[in-house]
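Read-outs: derived from the displayed coordinates by stated rules, not from any lab. This structure is a prediction, so every number in the text was calculated from the model and none was measured. Glycine also receives a Cβ, built like all others from the backbone with ideal geometry; neighbour counts cover every protein chain displayed.
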There are 2 protein chains.
Amino acid sequence: MQAGLTVAILGATGAVGTRMLAQLAQSTIPVKAVKLLASSRSAGKSLTFRGQSLTVEATTAASFAGVDLVLASAGSMVSKQFLPVAVEQGAVCVDNTSAFRMVPTVPLVVPEVNAGALREHHGIIANPNCSTIQMMVALNPIRQAVGLKQIIVSTYQAASGAGQSGLNEFYQEARDYLNGQQMTAKIFPTKGDQRHYPLAFNLLPQIDVLEDNLYSHEEWKMIHETKKIMLGDMNANDIKVTATCVRVPVPFSHGESIWIDTGRPDATVAQLHQALATAPGVVLQDDPQHQLYPQPLNATGTRATYVGRIRPDLENPGAFNLWVVADNLLKGAAWNAVQIAECLVAEGLIHAVA
Amino acid sequence: MQAGLTVAILGATGAVGTRMLAQLAQSTIPVKAVKLLASSRSAGKSLTFRGQSLTVEATTAASFAGVDLVLASAGSMVSKQFLPVAVEQGAVCVDNTSAFRMVPTVPLVVPEVNAGALREHHGIIANPNCSTIQMMVALNPIRQAVGLKQIIVSTYQAASGAGQSGLNEFYQEARDYLNGQQMTAKIFPTKGDQRHYPLAFNLLPQIDVLEDNLYSHEEWKMIHETKKIMLGDMNANDIKVTATCVRVPVPFSHGESIWIDTGRPDATVAQLHQALATAPGVVLQDDPQHQLYPQPLNATGTRATYVGRIRPDLENPGAFNLWVVADNLLKGAAWNAVQIAECLVAEGLIHAVA
């Protein structure tokens, strides 16, 4: 029998943290004990793991003694502060923040695409951005079976990408609007930015800060994370990528309208269907005759990435449009992190410290 | 003094019809009298035009006697039935439905782009699809100043595109969801189709019916209307166009994420800004430093097309991403129709029958 692991969840009370705990409970990871870590504000709260009530502790450097696996989703600053400490004490960390994603020696992993990169880990593995992950799951089978030269993506991203506080603000705005009240925005488009706008009944073409090159940081992530995951180098140009990221008034699950050039003028929808039908993590949902296609309401609460509306670009042979939906908090965050941990266990890349 | 026109609004009680009446009231068109026409179900209702209460009449062939101008938005079947009758009696018709858009001898007009096509009219002028119109207003100045070879568009379309009944269903769903009730869908994605799905807190990648070539009819319209408006031929291939149309849980104003290839590798954002800053019907709203960009909540109730988030595709010289928003019921329907009528009057292309 494999020794059980002591698992710490850093940011345990957040929208992603609570789901990490639930995904861990349903995972194949042998768990000996769970530590729930958060800010001092959340210390003392209780959460349930496999029927057992656990108390949330305030995070300190001492919290990681005896911890084998850290699942982190408490913000970049917290990850930068604590994950090196945890690694020093022998833990392996799967980090859902952007803190270490672009460090060349840190694997950035979508298990369906580049699980092999885990073998190179030095204690920290980065979970990609939510919108990147579902695009990788959908496009990698096409890349392998047919080819992939160019990606142009427009996202339709859910409110919960801004965490529980963003979700609460969104619901309150929706109630206020329907009751004829003024909407009050303090979080969207991006917490801490200068201006805030209502998301309810609106569209916000800004996710994360807008940078000097005119792209939002979310768009930057989609471009460079794609290259690192698929090509091993954040600046490789074998696959061209551009992105427009838009927040939409949907609570859960991101949609993506993706145009790709496979570079194969003779490629067919049938070939793409065949590649996707048996691809890991993908549910092909593409039956126009019966009006079947991916929808956020159906994807929410599931681990899969749904792909549909696959159409050839009628004037660019080898190019296609597709529509991809996945639960941003599960495959886009909590499940992908736990899935990485499952791979680490399966490959013998993590061991009990004690 | 110019003789006043007798104007009939066909479909006067609908989401577009009521706005046609309001836009007509604010227009430069010399109006002698207004006739409000609708189905027998709506007959007897009252609407106000320039302070005067008018009664809605049931539409019959006799309704068009003495009418100089018809603004029609009562569905394709109604337009096909009555507009030829109205033309026979001497009226000029601006039709907001898709009934005649692809008839080669019927001008399909966005006044900022191809007002000249009005001179060829034979009594019926077609108003383009809402999502096409705002894209044309945004892209034509770029086409003229820089060039335009290819368009890849993803839409974020508002619930009101499905009319007042769609809007009502959407609001009811939103209330039900927030109250923890089951949502009931009878209209979206498309009235009369086999299956219906909730739009509130969801995304529906189907607008109008899905056709045998896998594209939705809305996507088909965006492709072929663009070619007819910009190139004069619905099948011309000087500009390649592909589209993905998605209904989003927003009541008013469509968003569009548009990727274009200008065909000019040396083109700059500054050139696009310059072209758009003085373009008719365009409000350039592109100041990332101050987080200014187009939003449905700000566009709603106005006649303009808002353009922002203009960024060069960092790996495809001459290609750009942009974000375009306009009120789908005004510039996308009622205002564009009344604006066409203003052009007809200004060009002497319409005259009082009596």
Over the protein assembly as shown, how many percent of alpha carbon pairs lie in each 20 Å bin up to the one with the longest distance? 18, 48, 26, 8, 1
Peptide B:215-228 - average C-beta neighbours from other chains (10 Å radius): 1
Within the range B:4-19, what residues put their amide N at less than 20 Å from the label point 7 Å along the Cα-to-Cβ vector of B:A25? B:5-19
Considering the Cα positions of the range B:6-165, please state its Rg to one decimal place and its Dmax as a whole number of Å. 16.6, 53
Sort the range B:1-66 into rounded, prolate or oblate with this rule: let a ≥ b ≥ c be the square roots of the eigenvalues of the Cα gyration tensor; rounded if a/c is under 1.5, and if a/c is not under 1.5, prolate when a/b is larger than b/c, oblate otherwise. oblate
What residue of chain B has the nearest C-beta to the axis that moves B onto A, and what is that distance in Å, given as a whole number? B:S154, 2
In the range B:132-327, what percentage of the DSSP-assigned beta bridges are antiparallel, given to the nearest 5? 70
R0 of 45 Å, Cβ-Cβ distance B:A58-A:T105: FRET efficiency to nearest 0.05: 0.05
Inter-copy spacing of A:N179 label points, which lie 7 Å from Cα along Cα→Cβ, given in nm from shortest upward: 1.4
Relative contact order (%) - criterion: Cα under 8 Å, at least six apart; region: the range A:132-327: 27
Space enclosed by the convex hull of the alpha-carbon atoms of the range A:219-343, per residue, Å³: 134
Which whole number gives the average count of other chain Cβ atoms within 10 Å of the Cβ atoms across peptide B:304-314? 4
Translational D in µm²/s for the range B:132-327 (Stokes-Einstein at 25 °C, 0.890 mPa s, Kirkwood Rh from C-alpha pairs): 139
Once both label points are put 7 Å beyond Cα along the C-beta direction, the B:E120-B:N213 separation in nm becomes 2.1
In the range A:132-327, how many lysine pairs have Cα atoms under 26 Å apart, counting only pairs 8 or more places apart or on different chains? 9
Can you return the aspartates and glutamates within cross-link range of B:K35? Criterion is Cα-Cα under 19 Å, with same-chain partners fewer than 8 residues away left out. B:E57, B:D68, B:E88, B:D95, B:E342
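Give me the Kirkwood hydrodynamic radius of chain A in Å, from all C-alpha pairs, to one decimal place?
20.8
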For B:K80 paired with A:R264, estimate the spin-label separation in nm (one decimal), with each label point 7 Å from Cα along the Cα-to-Cβ line. 4.2
For the range B:136-191, with equal point scatterers placed on the C-alpha atoms only and solvent neglected, what are the log10 I(q)/I(0) values from the Debye formula at q = 0.13 1/Å, to two decimals? -0.54
May I ask you to report, in nm to one decimal and beginning with the shortest, the distances from B:L214 to the same position in the other copies, taking label points 7 Å along Cα-to-Cβ? 3.1
Could you grab the relative contact order for the range B:1-46? Cα pairs under 8 Å, six or more apart, rounded to a whole percent. 51
The summed charge of the A:D286 Cβ neighbourhood (under 14 Å; Lys/Arg +1, Asp/Glu -1) stands at +1
What percent does the relative contact order of chain A come to when contacts are Cα pairs within less than 8 Å and at least six residues apart? 19
List, shortest first and in nm to one decimal, how far the label point of B:Q144 (7 Å from Cα along Cα→Cβ) is from its counterparts in the other copies. 5.1
Please give the peptides A:7-16, B:277-286, B:125-134 ranked by average Cβ packing (other Cβ atoms within 10 Å per residue), highest first, as a rough proxy for protection. B:125-134, A:7-16, B:277-286
Take peptide A:288-298, look around each residue's Cβ out to 10 angstrom, count Cβ atoms belonging to other protein chains, and average those counts. 6
